[in-house]
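Shown next, in structure tokens, is the structure this report addresses.
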Amino acid sequence: MTKVIDKTDRSAGEDLAGKVSLPSVFALDGSGEAMWVDVIHRMEEVYSELLRNETDLERKNAELEEAQTFISSVVASVSDILIACGRDGVIHKVNPAFLTLVGMEEAKVIGTRIFDYVIETDRKEAERLMSAGQEGRVLEGDLHFRAAADREECLAMRCAALFDGRRRRLGAVLTGRPISELRQAYQALHQAHLELQTAQRKLIEQEKMASLGRLVAGVAHELNNPISFVYANIYTLDRYRKNLVSYLNAVHQGAGDDEIADLRRGLKIDSILSDIEPLLEGTLEGADRVSEIVKNLRRLSFSETGERHAVDLDRVLRNSAHLAVRAKNAMAEVSIDSDASLFVDAHEGQIHQVLVNLIANALDAVADRQNGRVDISTRQRGDSVEIVVSDNGPGIAETEMNKVFEPFFTTKDVGEGTGLGLWITFTIVQDYNGEITVRNNEAGGAEFHVLLPLAR
Ligand SMILES: Nc1ncnc2c1ncn2[C@@H]1O[C@H](COP(=O)(O)OP(=O)(O)O)[C@@H](O)[C@H]1O
Ligand SMILES: [Mg+2]
């Protein structure tokens, strides 16, 4: 009863000892057979262990493949570019975004150096980024790549060290995002912003020139009056002089008493003598007015440089109202109820501008009225002074109340309003840590309130 051992005859894990007979040549005694049974038993164990390991390995392999597919699909779907390269810059791996950027196939890219794709002037920057690994930090910077179709593309890059499993540095991993479009958009925006600023400065300058023009017109009117009566007086004085000369000549030439009496009456010598004093006083008053106007103008520097000083609000207010009325040739009644002891730390020109803007607007509002009124008052309110400019014009519509301080908001015709007056006024008042508000008064007209801190 012999049987050749045939492996195909049995299945894994099956105990062969009972089924298999040994060749008769070994079956000398019972102990030999037992030994063989033992060997075969061991082999069987090793074999089944091997099979177990193989299935394990297959399972792990499948898992690994799945993980790799997952990672690859993630890397492929990232729109940022990704480059893994050695310390010398030789590229080991890139993602599809990079291939699209440079317009090449993967096989042609692997083994080339990252520096081959960066424009010459950015090479230093690329080397700096590549040093990220040595310092164990993430470095950031912009690189210009030679992109497909002879384009150049700027990318915001991040570079980190690439390690192996034992934390040894192999090279660097670079990721990058195109910023050309973003930057272009930003630059266009920046440019537009600059242009807007220039335009705004020009407009403010124009408004300043316009208000200067109005001021000059007011001053011209203002000077006209005293100068014209100084002229008239001098003309009269010259006439008087001629009469006096004729009279004195007659006296010196020894004319008779009757003749002299006639001349005195004919030449109106007595009324001339009594008229000379008031004429001279009037002329002097006119000259004083001129000099006062000039003095006021001198104080009115529109430059905002230099120290602020205590500005006499009452004086500036009266001066501003006067000039505004003159400039507008206004018929309205303007009343001023002002506390004479109030001073603000300011540039006089700016306070003047605030007041003239408010008063000029009020005069505009009542320009078409028969009984137009503008009431201006100043009062101390704690540490501040409150200036109120109120009129009996049409007032401001509720919907426009909070628009009037916006630049360029105007309801006036082209050429008559720039819409910058109240905006400038608002800016100046804010500069002095003040406040400006507006409401409609009982008469239906507008009422502007300005609060300014008093000078200490
Ligand atoms: N006293 C007022 N009464 C009625 N409306 C006013 C008054 N003051 C200002 N406004 C309104 O506010 C707008 C803006 O004023 P402003 O900034 O000085 O510009 P502008 O006078 O050049 O129009 C005016 O066009 C007007 O509609
Ligand atoms: Mg105005």
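The values are calculated or read from the model by the stated rules, or taken from the named source; none is laboratory data. Remember, it's a predicted structure, so these values are computed and weren't measured experimentally. All Cβ positions, glycine included, derive from the backbone under ideal geometry; neighbour counts span all protein chains shown. What goes into the accessible areas is simple: the full protein's heavy atoms, side chains included, and nothing from ligands, DNA or RNA. Shrake-Rupley method; radii C 1.70, N 1.55, O 1.52, S 1.80 Å.
Computed values, structure above
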{"read-out": "Single residue of GLU65, GLU49, GLU106 found to be open to solvent by 100 Å² or more (accessible area, probe 1.4 Å) and either modelled with pLDDT of 90 or more or not assigned by TED's automatic domain parsing to the domain that holds LEU170 (or both)", "value": "GLU65"}
{"read-out": "Conditions (1) over 14 Å from SER335 (Cβ atoms); (2) within 14 Å of ligand 2 (Cβ to nearest atom); (3) out of contact with any Asp or Glu (no Cβ under 6 Å at 6 or more places or on another chain): number failed by ALA365", "value": "(3)"}
{"read-out": "Test set (1) away from ligand 1 (no atom under 16 Å from the Cβ); (2) of a type outside the set (Phe, Trp, Tyr); (3) open to solvent by 50 Å² or more (accessible area, probe 1.4 Å); (4) out of contact with any strand residue (DSSP E or B) (no Cβ under 8 Å at 6 or more places or on another chain) - GLY349 fails condition number", "value": "(3)"}
{"read-out": "Leading residue by the ranking (nearest to LEU363 (Cα to Cα)) among those in the stretch 399-422 that are touching a helix residue (DSSP H, G or I) at 6+ places or on another chain (Cβ under 6 Å) and more than 10 Å from ligand 2 (Cβ to nearest atom)", "value": "PHE405"}
{"read-out": "Residue in the stretch 433-446 that is within 13 Å of ligand 1 (Cβ to nearest atom), under 18 Å from LEU313 (Cβ atoms) and either surrounded by 15 or more Cβ atoms within 10 Å (Cβ to Cβ) or of a type in the set (Val, Ile, Thr) (or both) present", "value": "yes"}
{"read-out": "Test: residue in the stretch 341-355 that is more than 21 Å from ILE424 (Cα to Cα) and not in a strand (DSSP E or B)", "value": "yes"}
{"read-out": "Restricting the stretch 79-93 to residues that are under 20 Å from ARG177 (Cβ atoms) and open to solvent by 60 Å² or more (accessible area, probe 1.4 Å), the residue that is modelled with the highest pLDDT", "value": "LYS93"}
{"read-out": "Qualifying positions in the stretch 357-400 - in a strand (DSSP E or B) and among the acidic types (Asp, Glu)", "value": "ASP375, GLU386, ASP391"}
{"read-out": "Test for ASN357: is it within 29 Å of the chain's Cα centre (by Cα), within 16 Å of ligand 2 (Cβ to nearest atom) and polar (S, T, N, Q)", "value": "yes"}
{"read-out": "Per-region count, the stretch 367-406, residues within 8 Å of ligand 1 (Cβ to nearest atom) and either small (Gly, Ala, Ser) or in contact (Cβ under 8 Å) with a residue 24 or more places away in the chain (or both)", "value": "8"}
{"read-out": "Pair list, Cβ < 9 Å and 6+ apart or interchain, from the stretch 314-326 residues that are under 16 Å from ASN225 (Cβ atoms) and open to solvent by 30 Å² or more (accessible area, probe 1.4 Å) to residues that are at pLDDT 90 or above and among the small types (Gly, Ala, Ser)", "value": "VAL325/ALA332"}
{"read-out": "Residues (within 16 Å of ALA455 (Cα to Cα) and among the aliphatic types (A, V, I, L, M)) located in the stretch 338-359", "value": "ALA340, LEU342, VAL344, ALA346, ILE351"}
{"read-out": "Residue list for the stretch 404-432, filter: loosely packed, with under 15 Cβ neighbours inside 10 Å and not in a helix (DSSP H, G or I)", "value": "GLU406, PHE408, THR411, LYS412, ASP413, VAL414, GLY415, GLU416"}
{"read-out": "Filtered residues of the stretch 245-267 (kept if assigned to a helix (DSSP H, G or I) and either open to solvent by 70 Å² or more (accessible area, probe 1.4 Å) or touching a Leu at 6+ places or on another chain (Cβ under 8 Å) (or both))", "value": "SER246, TYR247, LEU248, ASN249, ALA250, HIS252, ASP257, ASP258, GLU259, ASP262, ARG264, ARG265"}
{"read-out": "Pick from the stretch 407-430, criterion under 22 Å from the mean Cα position of the chain (by Cα) and among the aliphatic types (A, V, I, L, M), ranking: nearest to ligand 1 (Cβ to nearest atom)", "value": "LEU422"}
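Residue by residue, here is whether (1) more than 41 Å from the chain's Cα centre (by Cα); (2) at negative phi; (3) modelled with pLDDT of 80 or more holds:
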site: GLU285; (1), (2), (3): yes, yes, yes
site: ARG289; (1), (2), (3): yes, yes, yes
site: VAL294; (1), (2), (3): no, yes, no
site: ASN319; (1), (2), (3): no, yes, yes
site: VAL325; (1), (2), (3): no, yes, yes
